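What follows is a set of notes on a single structure, which appears directly below.
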Amino acid sequence: MSNSSESQNIEWKQNWHDDYLKWICGFANAQGGRIFVGKDDSGKTVGLKNARKLLEDLPNKIRDLLGLMPDINLLENDGKEFLEIVVKPSTVPISLRGSYYWRSGSVKQELKGLALNDFLLKKMGMTWDRMVEDRATLDDIDETAIERFKKDAAKAGRLPDISELSTKEILKKLGVLTKEGITRAAIVLFGKDPGEFFPNLFIKIGRFGESVVDLRFQEVCEGNLFQMLHDVMEQLEKKFLIKPVRFEGLQRIEELEYPVPALREMLLNALVHRNYMGSMTQLKVMDDKISLWNAGKLPEELTIEQLLQTHESFPRNPLIADVCYKAGYIDSWGRGVEKITEACEQAGLPKPIFIERSGGMLVTLTRTTEILNDPAKTVSEKRVDDFGTISERIRKEFGTSQANTFEIICQHPEFTAEQIAEKTGKTTRTVENHIAKLKKAGIIVRKGPKLGGYWEIIALGENK
């Protein structure tokens with residue numbers, strides 16, 4: 001075995017220091033390992049003068065401070081004595097003076113905050129999403145989300161017919177409702193207002209220029225997982241990303257600048273695998289790239305290198321992952337990264353970038369030089385930025401409902417007030433008031449007859 005391989009679960013120390021108890025703690029909490037005392041950094045035996053005394057003292061010290069009884073062997077090489085401390089993985093969490101340590105690769109680290117919470121849950125055979133939320137009742141479940149799941153699950157064909165089951169029966173069948181109560185997974189997936197229970201569940205989307213200092217406009221998407229997945233994709237399509245146009249014969253086809261399958265898979269990965277006790281998920285759209293950050297480091301079983309290869313699935317939230325699988329949203333074998341990469345390659349984009357940062361995972365898609373230098377796409381991008389900026393101004397001056405009306409007019413300039421009202425869920429009278437304010441502010445104007453006419457966005461007219 002090579003030295004580099006040995007360093008994953010072996011440590012060489014020339015002399016004993018009590019600080020090495022942290023290494024023993026880290027090995028016990030991880031996959032176990034061995035510490036050789038009396039060897040230098042290259043593994044060469046240098047000898048240990050007090051080896052026999054340590055052989056008597058260390059077992060008691062390790063037992064008293066860590067509650068462990070590792071095997072300690074006195075060995076000899078070329079007449080020089082050294083110790084071998086064999087640490088087996090522990091089935092329960094091990095702490096040293098109130099602190100928990102973990103051996104990750106060749107590095108020992110102290111577990112704190114969210115990482116410590118995940119570790120303790122895992123050692124207890126639990127995950128965050130399986131825990132019961134005592135404050136929740138069936139009244140907190142959104143029937144619309146349940147109905148959406150029924151339809152998607154029927155298309156996926158991964159469940160027997162559930163069309164006649166009640167909400168309570170479906171939640172039980174999915175394992176998100178137990179005898180003890182409603183699980184956190186049920187709230188994340190189907191809750192009416194998950195933010196009431198988990199304040200940072202939302203996704204923040206920002207449109208930036210060349211750097212994060214240049215924030216042009218932003219949106220916040222809230223609600224349960226099914227709502228956020230739908231709303232974020234809708235916001236990207238109508239407000240944050242440009243739509244390059246191509247033709248197949250006489251058919252005009254508009255596609256987003258980034259492949260939809262890659263964007264959707266990025267979102268699903270974030271929503272399924274994020275640490276819901278951490279910060280909100282952040283989606284940043286810039287001139288040359290789009291990046292998504294979500295709280296929660298990679299599972300201890302995976303490295304970035306392994307993530308980019310065929311690997312086993314280690315979901316942080318297995319209940320949430322299972323429901324998304326049954327709805328047909330994800331695969332069960334950890335193919336998310338592979339699917340994002342494949343979608344980018346098929347679209348002619350560079351490979352996505354995956355890195356761990358600030359206690360979470362950051363995924364970045366970049367655009368090609370050809371796209372950035374295309375004058376037609378630059379004009380389209382400016383229209384998107386102008387649209388987003390105007391929408392943000394309307395939101396600040398008139399409110400969210402008014403901004404929603406404006407956004408629908410931009411997407412469907414042929415819509416009447418009645419059609420806009422149907423789309424927004426507002427009354428026709430309310431929409432007419434919105435339109436009157438937008439006209440008075442010089443933002444829109446009606447062209448053509450009342451029937452068969454259309455809305456023109458005056459502020460964007462120069463870019464048409």
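Taken over segment 405-427, the residue count meeting the criterion of being surrounded by fewer than 14 Cβ atoms within 10 Å (Cβ to Cβ) and in contact with an Asp or Glu (Cβ under 8 Å, 6 or more places away or on another chain) is 0. Could you say whether any residue in segment 30-39 is surrounded by fewer than 13 Cβ atoms within 10 Å (Cβ to Cβ), over 28 Å from D118 (Cβ atoms), at pLDDT below 95 and touching a Ser or Thr at 6+ places or on another chain (Cβ under 7 Å)? No, segment 30-39 has no match at all.
Residues that are surrounded by fewer than 16 Cβ atoms within 10 Å (Cβ to Cβ) and touching a strand residue (DSSP E or B) at 6+ places or on another chain (Cβ under 7 Å) were ranked within segment 205-215; the one that is modelled with the lowest pLDDT is V212. Could you say whether any residue in segment 166-173 is in a loop (DSSP other than H, G, I, E, B) and either more than 22 Å from Y329 (Cβ to Cβ) or not aromatic (F, W, Y) (or both)? The answer is yes, given that some residue of segment 166-173 is in a loop (DSSP other than H, G, I, E, B) and either more than 22 Å from Y329 (Cβ to Cβ) or not aromatic (F, W, Y) (or both).
Taking first residues from segment 177-191 that are of a type in the set (K, R) and partners that are in a loop (DSSP other than H, G, I, E, B), the Cβ contacts under 6 Å between residues at least 6 apart in sequence or on separate chains come to R184/M131; R184/E133.
Only a single item in (1) assigned to a strand (DSSP E or B); (2) modelled with pLDDT under 90; (3) not polar (S, T, N, Q) is not met by E301, and it is number (1).
Only a single criterion out of (1) touching a residue at least 40 places away in the same chain (Cβ under 8 Å); (2) in a helix (DSSP H, G or I); (3) closer than 16 Å to D322 by Cβ is not satisfied by L236, namely (3).
In the set S99, S106, which member is hydroxyl-bearing (S, T, Y) and either more than 25 Å from R274 (Cα to Cα) or not assigned by TED's automatic domain parsing to the domain that holds N29 (or both)?
Details: S99 fails: either more than 25 Å from R274 (Cα to Cα) or not assigned by TED's automatic domain parsing to the domain that holds N29 (or both).
Residue meeting the stated conditions: S106.
Test T405 against the criterion of being closer than 23 Å to L263 by Cβ, modelled with pLDDT of 80 or more and among the hydroxyl-bearing types (S, T, Y), and give yes or no. No. So which residues in segment 316-367 are crowded, with 16+ Cβ neighbours inside 10 Å, of a type in the set (S, T, N, Q) and more than 15 Å from R264 (Cβ to Cβ)? Scanning segment 316-367 gives N317, T364, T366. Within segment 177-195, the residues that satisfy the criterion of being part of a strand (DSSP E or B) and not small (G, A, S) are L177, T178, I182, T183.
If I filter segment 155-182 down to residues being among the aliphatic types (A, V, I, L, M) and in contact with a strand residue (DSSP E or B) (Cβ under 6 Å, 6 or more places away or on another chain), which single residue comes out as farthest from M131 (Cα to Cα)? Once the filter is applied, the top-ranked residue is L171. In this structure, S90 does satisfy being of a type in the set (S, T, Y) and under 35 Å from the mean Cα position of the chain (by Cα).
Evaluating Q14 against the criteria (1) in contact (Cβ under 8 Å) with a residue 40 or more places away in the chain; (2) more than 20 Å from Q109 (Cβ to Cβ) leaves one unmet condition, (1).
One line per residue, one yes/no per condition, for (1) acidic (D, E); (2) under 22 Å from the mean Cα position of the chain (by Cα); (3) surrounded by 15 or more Cβ atoms within 10 Å (Cβ to Cβ):
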site: M126; (1), (2), (3): no, yes, no
site: D129; (1), (2), (3): yes, yes, yes
site: G157; (1), (2), (3): no, no, no
site: S166; (1), (2), (3): no, no, no
site: K172; (1), (2), (3): no, no, no
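Give the residue, chosen from F226, F198, that is of a type in the set (F, W, Y), part of a loop (DSSP other than H, G, I, E, B) and at pLDDT 90 or above. Full working, then the answer.
Details: F226 fails: part of a loop (DSSP other than H, G, I, E, B).
Testing whether each residue is of a type in the set (F, W, Y), part of a loop (DSSP other than H, G, I, E, B) and at pLDDT 90 or above leaves just F198.
Looking at segment 233-270 only, could you name the residues that are small (G, A, S) and either in contact with a Pro (Cβ under 6 Å, 6 or more places away or on another chain) or modelled with pLDDT of 90 or more (or both)?
From segment 233-270, those small (G, A, S) are 249, 262, 270; that's our starting set.
Those that are small (G, A, S) and either in contact with a Pro (Cβ under 6 Å, 6 or more places away or on another chain) or modelled with pLDDT of 90 or more (or both): A262, A270.
Taking each residue of segment 395-416 that is outside any helix (DSSP H, G or I) and looking for partners that are buried (at least 18 other Cβ atoms within 10 Å of the Cβ) with beta-carbon atoms closer than 6 Å, six or more apart or interchain, yields P413/W455.
Can you go through F27, F82 and tell me which one is in a helix (DSSP H, G or I) and either of a type outside the set (K, R) or surrounded by fewer than 17 Cβ atoms within 10 Å (Cβ to Cβ) (or both)? Break it down into steps so the answer makes sense when it comes.
On the way: F82 fails: in a helix (DSSP H, G or I).
Selected residue: F27, the only one of F27, F82 that is in a helix (DSSP H, G or I) and either of a type outside the set (K, R) or surrounded by fewer than 17 Cβ atoms within 10 Å (Cβ to Cβ) (or both).
The values are calculated or read from the model by the stated rules, or taken from the named source; none is laboratory data. The structure presented is a predicted model; accordingly, all values stated were derived computationally and were not measured. Counting neighbours? That spans all protein chains shown, and the Cβs are built from the backbone with ideal geometry, glycine included.
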